[in-house]
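Visitor: One structure is given below, represented as structure tokens, and several questions about it will come after.
Values in this text are rule-based calculations from the coordinates and carry no lab data. Worth saying up front: this structure is predicted, and the values here are computed from it rather than measured. So basically every Cβ, Gly included, is an ideal-geometry build from the backbone, and we count neighbours across all protein chains shown.
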Amino acid sequence: MAKKLKVPAEKVYMTIERFGNISSATVPIALDEAVRDGTIAAGKRVVLTAFGGGLTWGSSLVQW
């Protein structure tokens, strides 16, 4: 998704290197961490994207 949106890698918040594939918990855990560490602040736009088995996927754009 980052490539399609032309978002630089340093703006992508990832948790896979610490937790591995945590499936449906990935988005809420990453969101919580990013808010707590200041990566996401009030007024920021955030794209949340997840994918799963069977080629299922979902995305959402939110303003925090």
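Visitor: So if I check each of 52, 43, which one is touching a residue at least 12 places away in the same chain (Cβ under 8 Å), touching a Gly at 6+ places or on another chain (Cβ under 9 Å) and not aliphatic (A, V, I, L, M)?
Guide: 52
Visitor: What number of residues in the range 1-23 are of a type in the set (S, T, N, Q) and surrounded by 12 or more Cβ atoms within 10 Å (Cβ to Cβ)?
Guide: Final tally of qualifying residues: 1.
Visitor: Mind listing whichever residues of the range 35-47 are surrounded by 13 or more Cβ atoms within 10 Å (Cβ to Cβ), touching a strand residue (DSSP E or B) at 6+ places or on another chain (Cβ under 8 Å) and outside any loop (DSSP other than H, G, I, E, B)?
Guide: Those that are surrounded by 13 or more Cβ atoms within 10 Å (Cβ to Cβ), touching a strand residue (DSSP E or B) at 6+ places or on another chain (Cβ under 8 Å) and outside any loop (DSSP other than H, G, I, E, B): 46, 47.
Visitor: Check 56, 26 and return the single one that is exposed (fewer than 12 other Cβ atoms within 10 Å of the Cβ) and among the β-branched types (Val, Ile, Thr).
Guide: Only one candidate qualifies: 56.
Visitor: Would it be correct to say that residue 50 is surrounded by 13 or more Cβ atoms within 10 Å (Cβ to Cβ) and in a strand (DSSP E or B)?
Guide: yes
Visitor: While we're on this one: If you take the residues of the range 53-64 that are of a type outside the set (Gly, Ala, Ser) and not in a strand (DSSP E or B), which of them is nearest to the chain's Cα centre (by Cα)?
Guide: If we take residues in the range 53-64 being of a type outside the set (Gly, Ala, Ser) and not in a strand (DSSP E or B), then 64 is nearest to the chain's Cα centre (by Cα).
Visitor: Could you list all residues from the range 10-34 that are among the β-branched types (Val, Ile, Thr), in contact (Cβ under 8 Å) with a residue 12 or more places away in the chain and in a helix (DSSP H, G or I)?
Guide: 26, 27, 29
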